[in-house]
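The values are calculated or read from the model by the stated rules, or taken from the named source; none is laboratory data. These figures come from a predicted structure and were not determined experimentally. Glycine also receives a Cβ, built like all others from the backbone with ideal geometry; neighbour counts cover every protein chain displayed.
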Amino acid sequence: MDLGALLLTIIIGFFVGLVARFLLPGRDVGGFIATTVVGVLGSVIATYGGQALHIYQPGQAAGFFGAVLGAIVLLVLLRLIRR
């Protein structure tokens, strides 16, 4: 992965994390980095989960909507673990 693709992944991950946190408000700790990690990991969850459920073809990535759903799932899991 080249530097441009990595930077674009981080930027999109940040926006995905922002949208997910907006749609699922709560007392989540973390700032810019935590929001970005939630967004990027949400995209990974959505991509591989969608491929396992045959929503996406092998090698096909989840779109923005799928990434937001994956980030929301991740936030719910993190909240359940922290209780």
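Screening the candidates Ile11, Ile45 for the property of being part of a helix (DSSP H, G or I) and farther than 17 Å from Leu77 by Cβ yields one hit, Ile11. Do you know which of the residues in region 49-64 that are of a type outside the set (Gly, Ala, Ser) and modelled with pLDDT of 85 or more is surrounded by the most Cβ atoms within 10 Å (Cβ to Cβ)? Of everything passing the filter in region 49-64, Gln51 is surrounded by the most Cβ atoms within 10 Å (Cβ to Cβ). Scanning region 1-31 for residues that are surrounded by 14 or more Cβ atoms within 10 Å (Cβ to Cβ) and among the aromatic types (Phe, Trp, Tyr) returns Phe14, Phe15. Could you check how many residues of region 21-35 are under 16 Å from Gly70 (Cβ atoms) and small (Gly, Ala, Ser)? Residues in region 21-35 being under 16 Å from Gly70 (Cβ atoms) and small (Gly, Ala, Ser): 1 in total.
Of the candidates Ala34, Ala67, the single residue that is surrounded by fewer than 19 Cβ atoms within 10 Å (Cβ to Cβ), among the small types (Gly, Ala, Ser), out of contact with any Leu (no Cβ under 8 Å at 6 or more places or on another chain) and not in a loop (DSSP other than H, G, I, E, B) is Ala34. Among the residues of region 48-64, those that are assigned to a helix (DSSP H, G or I) and closer than 19 Å to Ile10 by Cα comprise Tyr48, Phe64.
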